[in-house]
Structures are given as structure tokens and as C-alpha cells.
Amino acid sequence: MTEYSGQMDKKEIMDLACRAGRIVLENGGEVYRVEQTMTNVCAAYGIFDCESFASPTVIILSASIADKEPYSRMMRISERSINLNKVAKINDFSRKLPIDINEALIKLNEIEHSNPHPLWVRFIASSIGVGAFAIIFGGGIRDVVGGLILGALIRLIVTNLQNKNAGDFMVNLVGGASAAFGGWLINQVNLVSDQWIVTVSAMMLLVPGLLFTNALRDIASGDLVSGGSLGIEVLSVAAALACGAAAVYAVLSFIPFPI
């Protein structure tokens, strides 16, 4: 077990633990996993007397050794996405500790700055996802083909908005509007047999299923602050999707074409 050798080492270890927890939280990990990761990193380096706290927007770690004054570290979480590959890498990283602190920081930087899946892979995955939902909702071959096209287009729109830091509400508002307008448009060119199947299938691409699951998991485990915050975020995403789709249909109602 690596021993603690001074105040600077303690700060480095706690910084390492907080950065590991931040990566987990920013990429879709549950709150309990974030807190457990930070505690495990500290314990691996001989810091057992520590307390960790995480919420969707902040993580706090406090620890003390022997009779020294406790040291606290806090990190603000401003951006969150879903990249479970990074979460899995951090879990594996924490299990291989302790290693030299400098080597650990290098490995953590590699995980933090590892590139997500290429855009073309996300296009294909989005297309297949929407096409699969079209099958689940009872669509035929034409609906599946329409879903494949619409899924790729929505992924392109959403990715461009995210790259411009448009904000989650705006991204989902435009995403819901794009799904509604895209479903209506491909129905007008007679590409699908049921526009509602394709529209709902496309909107499922943006439904925050992981956030909803994490919210229920946190509430069930007693993390009411985190669970309540995530629940409100889920409702805001659902409201944005609904408002975007409703706005499109409100405008289309004035157009002399069947909706």
C-alpha cells in the first residue's frame, strides 16, 4: 500500500480522486458510483478517513490523516453527457490502484481526453436505433427506412447544436421540432406509411432513459438531492421535446396539407 508522505501528496491524491469522480459524473455514472470511486481512490493510497458527496452539479471530498487538519476538495460540474466507455475505464482504473501518483495522473488524463466514437458511428447507431423503434411500434419496411434517414438527420442537428453549446433545453427543443417536422415531411413525399410511428421513434432517440434510470436509482438508495435534481432534469427534457413538437404541429396546422 502506498504511504502518504506529506501535505502535497495528500492534495494530489484527493485531486486525483475528485477528477476520477468528475469523469464518472460527467459521462452518465450514478451518484453512488461517483462517491464510491472517490472513496476507493483515497483508500488505495492509505486515506481511509474520508467523506465524499456528489450531486449532478458538484462533488465534494473531505479527508484527514492522523492529527492533521482535514483537507477538502470541491469540483463544479458544468457539463454532462453520456459516455459509458469512460465510466467503465475509470472503474477499471480505480481497481488497479495504487500506482505511482504521476503515472495515475497520466492515465487519468488519457481517459478524460479520449475521443468519443466517431461521428459516422453515431450516425449509424442513431439510424439503427430509430429504425428499431419503428419496428417496435408496429411500422413496416417503409417506416423503418424513413426512421433510418430521420435518425441520422436528427443526430446531425443535435450534434451541431451541442458543439455550439446551445444548452440542453434548446437542443431538445430543436430535436423535438426536427422529429415532428421530419416525420411530417417524409410523409408528404410518401416515403412512410405512418408518420406518427416515425416521429415518435425519432423522438425516442432524445428521451433521457439513462437519466430517468439514475434518478430512480438514486431516490431508491436515499440520495434524494441527486434523485430529485435528475428527476427535474428529466421532466425539463420531456417538456422541451413536447414543446418543440407542439410548436411544429401548431405551425403546420395553418398549411393546407394533411398532418
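Derivation of every value follows stated rules applied to the coordinates shown; laboratory data play no part. The model shown is predicted, which means the values in this text are computed figures rather than measured ones. So basically every Cβ, Gly included, is an ideal-geometry build from the backbone, and we count neighbours across all protein chains shown.
Observations on the structure shown:
- Summing Cβ point charges (Lys, Arg +1; Asp, Glu -1) relative to the Cα centre of the chain gives a dipole of roughly 700 debye.
- Using C-alpha pairs under 8 Å with a sequence gap of at least 6, the mean separation divided by the residue count of segment 5-124 gives a relative contact order of 27 percent.
- Spin-label pair residue 92/residue 49, simplified geometry with 7 Å Cα→Cβ offset, distance in nm: 3.6
- Gyration tensor (alpha-carbon) shape descriptor, segment 119-252, a/c threshold 1.5: prolate
- Two-site FRET efficiency, residue 72 against residue 251, from Cβ-Cβ distance with R₀ of 51 Å, rounded to 0.05: 0.45
- Base-10 log of normalised Debye intensity for segment 121-170 (one unit scatterer per alpha-carbon) at q = 0.16, 0.21 Å⁻¹: -0.48, -0.68
- Rounded FRET efficiency, nearest 0.05, which uses the C-beta distance separating residue 135 from residue 110 and R0 of 25 Å: 0.05
- Distance (nanometres) between label positions extended 7 Å along Cα→Cβ at residue 188 and residue 120: 3.2
- Toward the positive end of the charge dipole of segment 14-154, with +1 on the Cβ of Lys and Arg and -1 on the Cβ of Asp and Glu, the farthest Cα among 137, 60, 48 is that of 137.
- MRE, 222 nm, helices only [DSSP H, n ≥ 4, -39500 (n - 2.57), over the chain, to nearest 500]: -22000 deg cm²/dmol
- With a Förster radius of 22 Å applied to the C-beta separation of residue 99 and residue 164, the computed FRET efficiency comes to 0.05.
- Listed candidates (1) 1.10; (2) 0.93; (3) 1.03 - label of the one calculated as Rg/Rh (Cα atoms, Kirkwood Rh): (1)
- Lys, Arg +1 and Asp, Glu -1 on Cβ, resulting dipole of segment 104-191 about Cα centre, debye, nearest 20: 120
- In degrees, nearest ten, helix 168-188 long axis to first principal axis of the chain (Cα): 30
- Residue among 191, 71, 252 farthest towards the positive dipole end of the chain, charges placed on Cβ: 191
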